[in-house]
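These notes are about the structure you will find just below.
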Protein chains: 2
Amino acid sequence: MEIISENACFGGTQGVYKHASESCHCDMTFGLFLPAEAKDGPVPVLWYLSGLTCTHENAMVKAGAQAWAAEQGIALVFPDTSPRGEGVADDEAYDLGQGAGFYVNATQAPWAAHFQMWDYMAEELPEFLGNNFPLDMERQAITGHSMGGHGALTLAMSLPGRFKSVSAFAPICNPTASDWGRKQLTAYLGADEGLWAAHDASLLMRNTGFDGPVLVDTGTEDQFLDLLRPETLAAAVSERRQEATLRLQKGYDHSYFFVSTFMEDHISFHADALYGE
Amino acid sequence: MEIISENACFGGTQGVYKHASESCHCDMTFGLFLPAEAKDGPVPVLWYLSGLTCTHENAMVKAGAQAWAAEQGIALVFPDTSPRGEGVADDEAYDLGQGAGFYVNATQAPWAAHFQMWDYMAEELPEFLGNNFPLDMERQAITGHSMGGHGALTLAMSLPGRFKSVSAFAPICNPTASDWGRKQLTAYLGADEGLWAAHDASLLMRNTGFDGPVLVDTGTEDQFLDLLRPETLAAAVSERRQEATLRLQKGYDHSYFFVSTFMEDHISFHADALYGE
């Protein structure tokens, strides 16, 4: 592991680290905020999965999350959104390839060689973090923005018992029926739509649900509302009687000004779940 | 005035605007956060002046200031750090020319044609803001980071009665004796060091002081401590018996992780002064 940077931040440390990923067959970079309490022993963990075009850095500098995580004594993990590097396949479009991993294991060329983000997020990175940092991996929660909200919701529902709570900011809720999804799922998983269902939060909600509380915020002025399809998740939550709070926030758009505005709410929500037992 | 963007943010609006500057003879861009209270009438104003290489945008997205400004009902102004554009003089170095205006009126070629940042900050932009937005220009305060801390301190001490309070994050305290200062003051103002004194916070503190409270935070691990020279400002504050709080924050560096950590303190400090009368 290489330490890229470590900065004092809200009484703790905001670090950036690089390690060789076996899943993705390339170096992967992530941000990790450790609150002051981590000096005395393992602390709970909140994952923040980012959206299209983002690296580990966007949320780390723009979401204002450290203030509230420090207050709650919770660590924050900011993974990258895809494998990267010269030998890694890419596409000219902003929404495919590097910066757009969609949190799936690609089976199709040219993506399969590196784009194994599901395994990286579900197995490799958690294990790496648990082995190298003072984190209590029995107390994890997950959130994310846009494509990262999709990742947070699908990981949380597919890994029962892993996360105490899940939230999302303007998540892609129904990628199998959206231009933010059909294109990428075709490229990464192939044309058989039956294989896509495991990566659709609305379908997972209908079939599986989540054993814990769910919080989702979306702005009424989100410029990508037609692509996010929050209505399909809302319908699935209602049908399932899932414990959940779904909010449409008047006047807010898709930006980090929206994310930062509601970050305190989300971290308080996760703190309740992480410290509730 | 051109509206570049307006995003809902903490119940208010984070805007970015462009206008033709008479002082700088070019278009200038600034950020303005208006809290919800601005819908009902003029609100107090806190200026945030940025450091070397920054535009209006850095603090606007990285300092986490809107959360606390919203809580206090205070507007935030994020000016640019220099004139910009193809016809504007520049230098290859990061610390001279565009992005490095140093908040002075240049008298020397090639800078004098556009680099009139003192007039822009002291006269033109305040008048423009007062005429175009619901701001109470009788209640202003000012802060800044690094070169912007220098700007905040020198403007506050040189414009008696203008600002109720002044603070700074890791300010350049003594530019007439620092490589962050001597180079730029020579380029912009010429070799006569007698003309530089009006732009040195430590000298101004010794000779003039500030009629109100002062708050300065600097990190003990700031990688630019030798260039900032906080000890000269500390000595001047002591000699003058200036009402002031000067803090050295253990472990913190020069980054926005440092700035954001202490932003709540600074905005609370200014709110006390702005609402105290």
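Quick test for you: out of A:106, A:112, A:100, pick the one residue that is in contact with a Phe, Trp or Tyr (Cβ under 9 Å, 6 or more places away or on another chain), among the small types (Gly, Ala, Ser) and under 18 Å from residue A:56 (Cβ atoms).
Values: A:106 fails: under 18 Å from residue A:56 (Cβ atoms); A:112 fails: under 18 Å from residue A:56 (Cβ atoms).
Going through A:106, A:112, A:100 in turn, just one is in contact with a Phe, Trp or Tyr (Cβ under 9 Å, 6 or more places away or on another chain), among the small types (Gly, Ala, Ser) and under 18 Å from residue A:56 (Cβ atoms): A:100.
Could you tell me whether any residue of the range B:256-268 is at pLDDT 95 or above and over 25 Å from residue A:14 (Cα atoms)?
Keep residues of the range B:256-268 that are at pLDDT 95 or above, which gives B:256-268.
Narrowing further to those that are over 25 Å from residue A:14 (Cα atoms): none.
No; the residues of the range B:256-268 include none that is at pLDDT 95 or above and over 25 Å from residue A:14 (Cα atoms).
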Practice task
Filter the range B:9-60 down to residues that are within 13 Å of another protein chain (Cβ to nearest Cβ), aliphatic (A, V, I, L, M) and open to solvent by 20 Å² or more (accessible area, probe 1.4 Å) and give me whichever is farthest from residue B:145 (Cα to Cα).
Solution key: B:36
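Give the residue that is nearest to residue A:159 (Cα to Cα), with candidates limited to residues of the range A:184-226 that are among the acidic types (Asp, Glu) and assigned to a helix (DSSP H, G or I). Don't jump to the end; show me each part of the working.
Initially, the range A:184-226 is screened for residues among the acidic types (Asp, Glu), giving A:192-193, A:200, A:211, A:217, A:221-222, A:226.
Adding the requirement that they be assigned to a helix (DSSP H, G or I) leaves A:193, A:226.
Working: A:193: 22, A:226: 28 Å.
Among those residues, the one meeting the criterion is A:193.
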Practice task
Report whether or not residue B:66 is within 14 Å of chain A (Cβ to nearest Cβ), touching a strand residue (DSSP E or B) at 6+ places or on another chain (Cβ under 9 Å) and surrounded by 17 or more Cβ atoms within 10 Å (Cβ to Cβ).
Solution key: yes
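Could you count how many residues in the range B:175-186 are open to solvent by 30 Å² or more (accessible area, probe 1.4 Å) and not hydroxyl-bearing (Ser, Thr, Tyr)?
So the count comes out to 4.
Find the strands (runs of 3 or more DSSP E) located wholly in the range B:17-109 whose residues include 1 or more that are in contact (Cβ under 8 Å) with a residue 24 or more places away in the chain and among the small types (Gly, Ala, Ser), and list them. Don't jump to the end; show me each part of the working.
Details: elements: B:26-34, B:43-49, B:75-79.
Counting at least 1 such residues, we get B:26-34, B:75-79.
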Fill in the blank from the handout: The lone condition residue B:221 fails out of (1) within 14 Å of chain A (Cβ to nearest Cβ); (2) touching a residue at least 12 places away in the same chain (Cβ under 8 Å); (3) out of contact with any Gly (no Cβ under 6 Å at 6 or more places or on another chain) is (3)
Exercise for the section: Would you tally the residues in the range A:226-265 being more than 14 Å from chain B (Cβ to nearest Cβ), surrounded by 17 or more Cβ atoms within 10 Å (Cβ to Cβ) and more than 19 Å from the chain's Cα centre (by Cα)? Expected result: 5
Fill in the blank from the handout: residue A:160 passes all but one of the listed conditions (1) within 22 Å of residue A:16 (Cβ to Cβ); (2) in a loop (DSSP other than H, G, I, E, B); the exception is number (1)
Exercise for the section: From the list B:142, B:172, pick out the single residue that is crowded, with 24+ Cβ neighbours inside 10 Å and touching a strand residue (DSSP E or B) at 6+ places or on another chain (Cβ under 6 Å). Expected result: B:142
Exercise for the section: Select from the range A:123-137 the residues that are surrounded by 16 or more Cβ atoms within 10 Å (Cβ to Cβ) and not in a strand (DSSP E or B) and list them in ascending order. Expected result: A:124, A:125, A:126, A:128, A:129, A:130, A:133
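Residues are listed down the side, and each one gets a yes or a no for (1) under 27 Å from residue B:206 (Cβ atoms); (2) out of contact with any Pro (no Cβ under 6 Å at 6 or more places or on another chain):
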| residue | (1), (2) |
| --- | --- |
| B:229 | yes, yes |
| B:234 | yes, yes |
| B:243 | yes, no |
| B:251 | no, yes |
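The values are calculated or read from the model by the stated rules, or taken from the named source; none is laboratory data. Since this is a predicted model, take the numbers as computed values, not measurements. No Cβ is skipped: glycine too gets one built from the backbone with ideal geometry, and neighbour counts run over all protein chains shown. The accessibility values were calculated without ligands, DNA or RNA, using every heavy atom of the protein model including side chains. Shrake-Rupley method; radii C 1.70, N 1.55, O 1.52, S 1.80 Å.
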